[in-house]
Amino acid sequence: MSRKMSGAGFDVVYITSIKDSKEAIYTAIEDGFGRADILLITGGNGPTKDDITKNTLCDYFNDQLVFDNEVLKNIEALFKDRNIALNELTRNQAFVPERSTVIQNKVGTAPVLWFEKNGKILISMPGVPLEMRWAMKEEVIPRLTKMFQTKKFLKHVFYTQGISESALAMHLNDFEEQLPNGFGLAYLPGGGIIRLRLSVKGDEYVAEMEKQADKLKVLLGEYLLAESEDPLQQLLGNTLKDKGMTISLAESCSGGYLSHLLTSTPGASDYFKGGVVSYANSAKMNLLNVKQATLDNHGAVSHQVVEEMAKGAIEAFATDCAIAVSGIAGPDGGTVQKPVGTVWICTICKDSVVSKKYMFGKSRENNIRRSAVMALVQMLRCMQ
């Protein structure tokens, strides 16, 4: 919600999460209207007893619930498409505040409710993320941009890797100090990479934005991975498509998470041919042709094994490229020589074979996620 509003030129001044209680909702609305002209609410419009937002909004706006036949028709159509029987609780979602503007939810049962009071706006959306995103894209942003004059939000996003956030901030200190008024540089770290967002509001800054973005690109040098807003997996997919190449995966400690990331991008079947989650050594040998002697002599977490895994994936799926990941996710299984968080990643692209060792830490969840992210980064680096 915040990202979409900022992108449409609105200033987001406050974000808060509250519990499902009348007092908390009421206070949040009062405080919100004291800070802003527009309040966006998500959650609490469903059919269960803990969904009290709608009733609280009636109290706040001195309103009452009335039955809306158009909402019921929308719900009945959705249930018919899904072959689900309509029950009384769901039918009750057709009760809406009388003074609100009702916006039909085309992907769910709880409608979007729009209130206006003393020149200010409150919009209550469903809490289901899919439904909220639909409402923001199809209804909320288009309506608000018609009502309010906003300046276009200009931005350039850069992926950086190979430098810490603090070191990067020191490296770019002079650049930040010399940015023209209105420009901002945000550091967005996560998964071992840092996204930099250079931004400003106003069409009059288009030329200056290009100038500053070019300066930043030069300063980033070897730390620059890509200039894009797209997720890493989409960047890799686009690169593979542009080069007419295919890829396969051999995963161990990442447990299929890397495959999940690649297949989350529409059109992945154009370049992703398949993968093997070879968690056990027997799977590595039987499915990827990793040699028993290699495992015995070097262990599953080694550059020798990930290279054989990657080559095995290329043979199994007949692809141009492959990524192999093997490590110790934790919290157990580490040794003095190979502590928890030790991960080897091999990337093969045509004749280029690159194997690197990473030390991530003790968190299992973080190790799985960072293994996948670094695998994408390493593959992108290999293809540059």
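Readers should treat all values here as calculations from the given coordinates under stated rules, not as data from a laboratory. Keep in mind it's a predicted model, so treat the numbers as computed, not measured. All Cβ positions, glycine included, derive from the backbone under ideal geometry; neighbour counts span all protein chains shown.
If you add up the charges near residue 191, with Lys and Arg at +1 and Asp and Glu at -1, over every other residue whose beta carbon is less than 11 angstrom from its beta carbon, what do you get? It would help to have the intermediate numbers written out before the result.
On the way: positive: 195, 369, 370; negative: none.
Summing Lys and Arg as +1 and Asp and Glu as -1 gives +3.
In what sequence do 5, 374, 309 fall when counting other Cβ within 10 Å, fewest first? Provide the component values of the computation, followed by the final result.
On the way: 5 19, 374 23, 309 30.
Going from least to most buried by this count: 5, 374, 309.
Listing 325, 377 from fewest to most neighbouring C-beta atoms within 10 Å gives 377, 325.
Residue-wise HN-Hα couplings along region 158-170, as the Karplus relation 6.51 cos²θ - 1.76 cosθ + 1.60 with θ = phi - 60° gives them from phi, are 10, 8, 10, 7, x, 8, 6, 4, 5, 5, 5, 5, 5 Hz; Gly and Pro carry x. Semi-axis lengths, largest first, of the ellipsoid equivalent to region 117-274 are 31, 27, 15 Å, with √(5λ) applied to each eigenvalue of the Cα gyration tensor.
So for 273, 356, fewest C-beta neighbours within 10 Å to most, what's the order?
Details: 273 20, 356 16.
Ranking 273, 356 by Cβ neighbours within 10 Å, fewest first, gives 356, 273.
The gain in end-to-end length when the residue 364 to residue 243 segment is fully stretched comes to 40.1 nm, 0.36 nm per residue minus the alpha carbon separation. Spin-label pair residue 206-residue 296: with each label point 7 Å from Cα along the Cα-Cβ axis, the two points sit 6.8 nm from one another.
Which one, (1) 68, 53, 30; (2) 76, 59, 42; (3) 64, 47, 39, gives Cα extents along the principal axes in Å as derived from the coordinates shown? So the structure-derived entry is (2). The DSSP beta bridges internal to the chain are antiparallel in roughly 75% of cases.
For residue 148 and residue 279 in one chain, what is 0.36 nm times their gap in residues minus the Cα-Cα distance, to one decimal in nm? Mind dumping the intermediate values first?
Working: separation 131, 0.36 × 131 = 47.16 nm, distance 5.47 nm.
Residue separation times 0.36 nm, minus the Cα-Cα distance, leaves 41.7 nm.
The phi-based Karplus calculation (6.51 cos²θ - 1.76 cosθ + 1.60; θ = phi - 60°) puts the 3J(HN,Hα) values of region 227-239 at 10, 5, 9, 6, x, 4, 5, 6, 4, 5, x, 4, 5 Hz, whole numbers, x for Gly and Pro. Across the chain, Cα pairs under 8 Å and at least six residues apart give a relative contact order of 11 percent.
Hey, what angle do you get for helix 22-35 against the long axis of the chain, alpha-carbon based, 0 to 90 degrees rounded to 10? Helix 22-35 sits at roughly 90 degrees to that axis. For residue 226, the amide hydrogen comes within under 5 Å of the amide hydrogens of 159, counting only partners 5 or more places away or on other chains and with H modelled in the peptide plane.
Could you work out Rg/(2.2 N^0.38 Å) for region 165-235, with Rg from alpha carbons only?
Working: Rg = 12.5 Å, N = 71, 2.2 N^0.38 = 11.1 Å.
Scaled against compact globular proteins, the figure is 1.13.
Placing a label point 7 Å from the Cα of residue 106 along the Cα-to-Cβ direction, the residues of region 130-171 whose backbone N falls under 20 Å from that point are 130-147.
Sequence-ordered 3J(HN,Hα) estimates for region 57-65 from the Karplus curve with 6.51, -1.76 and 1.60 and θ = phi - 60° stand at 5, 4, 5, 5, 8, 6, 10, 9, 7 Hz, glycine and proline given as x.
The value of relative contact order for region 76-210, using C-alpha pairs under 8 Å at least six residues apart, is 17 percent.
Label separation (residue 17 vs residue 357): 3.8 nm, computed from points 7 Å beyond Cα along the C-beta direction.
Percent of Cα pairs in region 182-275 per distance bin of 5 Å, from zero to the largest separation: 2, 11, 17, 17, 15, 14, 11, 7, 4, 1, 0.
The length gained on full extension between residue 69 and residue 178, counted as 0.36 nm times the residue separation minus their Cα-Cα distance, comes to 33.4 nm.
Return the subset of 311/356; 117/146; 4/54; 284/311 for which the Cα-Cα distance in this structure is over 22 Å, preserving the input order.
Numbers: 311/356 16 Å; 117/146 18 Å; 4/54 24 Å; 284/311 11 Å.
As for pairs spanning more than 22 Å Cα to Cα, those are 4/54.
For residue 250, the residues 5 or more places off, or on other chains, whose built amide H falls under 5 Å of its own are 276, 323, 324, 325.
Over every pair of different alpha-carbon atoms in region 230-269, take the mean of 1/r and invert it; report that Kirkwood radius in Å. Before the final figure, lay out each step's value.
Details: mean 1/r = 0.0941 Å⁻¹.
This gives a value of 10.6 Å.
Computed across region 2-147, the Kirkwood radius stands at 15.7 Å (inverse of mean 1/r, all Cα pairs).
The dipole here belongs to region 2-147: it is taken about the Cα centre, uses +1 on the Cβ of Lys and Arg and -1 on the Cβ of Asp and Glu, and is about 420 debye.
Computed from Cα atoms, the angle from the helix 303-317 axis to the main principal axis of the chain rounds to 70 degrees. Our helix-only sum for the chain, with -39,500 (n - 2.57) per DSSP H run of n ≥ 4 divided by its residues, gives a mean residue ellipticity at 222 nm of -12000 deg cm²/dmol.
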